[in-house]
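Just below is one structure, and these are the notes that go with it.
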């Protein structure tokens, strides 16, 4: 007992952490190891990285990974640019808070209802096709064509602009405003001011928005899945479709392997982002 | 008029248009909720029948006659949801008994854990915190596997607990609140500790009142998430009558319309209320997540 006591911190602060830590152990850390174990075994015997090899060679998996990466590569920057521009427009407006509330509202709409809106627009018998038909054009099967990807991106941007916008706007509040005065007195040009003050102080926020946008790009799958179904057009068959189908087939090996790969990819991304941000911020200040 | 004023007006116009566009789905749902159930079904059905054949059709289907304004404004959709059809109450009640424990649980666990992280003097705590952040970043699909394994092992598979418990211990709240505590004046805590206040006193009387923005942000985001739970419910809940409203609405979207607009509006209402209550503090609470 006395040896144990030596390792425990002197005060009882650790008690505060205990509930959360136990919960994390039971619901995240321990099952993550079980999942890792599943991904390294097959039928009870240890197969090292065979499952990984099989999954990585799986044609459907590759399609899903490529599509997911393309979706992220297109939607995340687009979302960030629009949010940044809106934040710049909002800055200095008296009604800033009011507009922020409006832009945040789409976050709390139930997915099913939003999906109904998009469906009414883009379905085979949707409103857009109705207008095309009325004007003598051929109808377009939006969901079954390559239009599915732009539509998925549109749905993502509609839902996530508000969140990124709030982060940008609050990040902007933390810039010491005196610096703008000083730079202006020193005769710096607008671009110089942007590069030396705005860009430097907005760096942590920008990385945060980037990270959050990537997380949210995985979250939008709920809407995409409801809108486009289980087996959508090839261009929008995402990693989550792949995983959902494995889940339905109760294929623990492939499922665990995919989850492990996805987790490692996200961790790697987070580490790269964090180091990059540190380095960039340090090089300026 | 001065150039400055013109720029301001141009800005205001651009932002207003952008806001109006981003709110189109909300307008669509809320305005259509004042449509009669019959009108909604005739407008949004694919089936050709005596009522829809006068609209736009081809030989296979009727094209949706989408509209932001109903032909006749009526509360009949709301009457169906609130007075006539008890299934809506059932689903909303399911949502309540799922979402409320999810949010309250996080509120019980996250702030004290964040405080523990902030005050604990242990060289391993930062490694643990990094693990928390990693877990927070993982997409739901990657976490469903671990949650499924635990639910099986604990025998809570098929019950609400399988959805509630992982949410309660979600690391996001811990992260959010700790980031705000970092900006907090440490001297105050030291002074109170020296005066003989124990950790619990310091937490409840000094720290807790000062982390309101982060807590508010947590309430709003956790509630929005819990209120909109779909995937976990589909995976863990077997019985149809136990599904939350969010799942019901998403199934309606694929099938027949009924009173979906009124039901959606009713269902959106609590989330919007929580959001409006929290919006003043929320931006501040989120703002701290960017600081290291």
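Quick note: the coordinates plus some simple rules give every number you see, no bench work behind them. Note that this is a predicted model, so its numbers are computed, not measured. Ideal geometry is used to build each Cβ from the backbone, glycine not excepted, and the neighbour counts take in all protein chains shown.
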Under the classification rounded if a/c is under 1.5, otherwise prolate if a/b is larger than b/c and oblate if not, where does chain A fall, given a ≥ b ≥ c as square roots of the Cα gyration tensor eigenvalues?
oblate
Can you give the FRET efficiency for residue A:215 and residue B:130, using 1/(1 + (r/R0)^6), R0 = 25 Å, r = Cβ-Cβ distance, to the nearest 0.05?
0.95
If every alpha-carbon in the stretch A:43-145 counts as one equal scatterer, what log10 I(q)/I(0) does Debye give at q = 0.16, 0.20 1/Å?
-1.02, -1.11
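Is the stretch B:34-152 best put as rounded, prolate or oblate by its Cα gyration tensor, with a ≥ b ≥ c the root eigenvalues, rounded for a/c under 1.5, and otherwise prolate when a/b is larger than b/c, oblate when not?
Numbers: a/c = 3.59, a/b = 2.54, b/c = 1.41.
Judged from the Cα gyration tensor, the stretch B:34-152 comes out prolate (a/c at least 1.5, a/b above b/c).
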Mind giving me the FRET efficiency for residue B:13 and residue A:133? R0 is 51 Å, r the Cβ-Cβ distance, nearest 0.05 is fine.
0.90
How many times 2.2 N^0.38 Å is the alpha carbon radius of gyration of chain B?
1.28
Cα long-axis angle, helix B:140-154 against chain B (0 to 90 degrees, to the nearest 10):
70
The stretch A:111-185: C-alpha pair distances exceeding 17 Å, %:
63
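Got the relative contact order for the stretch B:1-75 handy, in percent, Cα pairs under 8 Å and 6 or more residues apart?
Normalised by residue count, the contact order of the stretch B:1-75 is 33 percent.
Which percent of the Cα-Cα distances in the protein assembly as shown go past 34 Å?
Values: 76350 of 166176 pairs.
Value for the protein assembly as shown: 46 percent of Cα pairs lie more than 34 Å apart.
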For chain B, longest principal axis from Cα atoms; helix B:171-182 axis from its Cα atoms; angle between them, nearest 10 degrees, is 50
CD proxy at 222 nm, helix term only [per DSSP H run n ≥ 4: -39500 (n - 2.57); per residue of the protein assembly as shown; nearest 500]
-22500 deg cm²/dmol
Could you give the C-alpha radius of gyration of the stretch A:73-115 expressed as a fraction of 2.2 N^0.38 Å, taking N as the number of residues it contains?
1.39
Percent relative contact order for chain A, counting Cα pairs under 8 Å at least six residues apart, stands at 30
Roughly how far apart, in whole Å, are the Cα centres of the stretch A:89-151 and the stretch A:174-189?
41
Least to most buried among B:124, A:241, A:38 (fewest other Cβ within 10 Å first)
B:124, A:38, A:241
Between the stretch A:241-285 and the stretch A:29-80, what's the alpha-carbon centroid distance in Å?
9
Most exposed first by the Cβ proxy, i.e. fewest other Cβ within 10 Å, how do B:211, B:260 rank?
B:211, B:260
Mind running the shape call on the stretch B:14-95? Use the C-alpha gyration tensor, a ≥ b ≥ c as the square roots of the eigenvalues: rounded below 1.5 for a/c, prolate if a/b tops b/c, oblate otherwise.
oblate
State the extension gain, in nm to one decimal, for the chain segment bounded by residue A:93 and residue A:48, taking 0.36 nm per residue of separation less the distance between their alpha-carbons.
10.3 nm
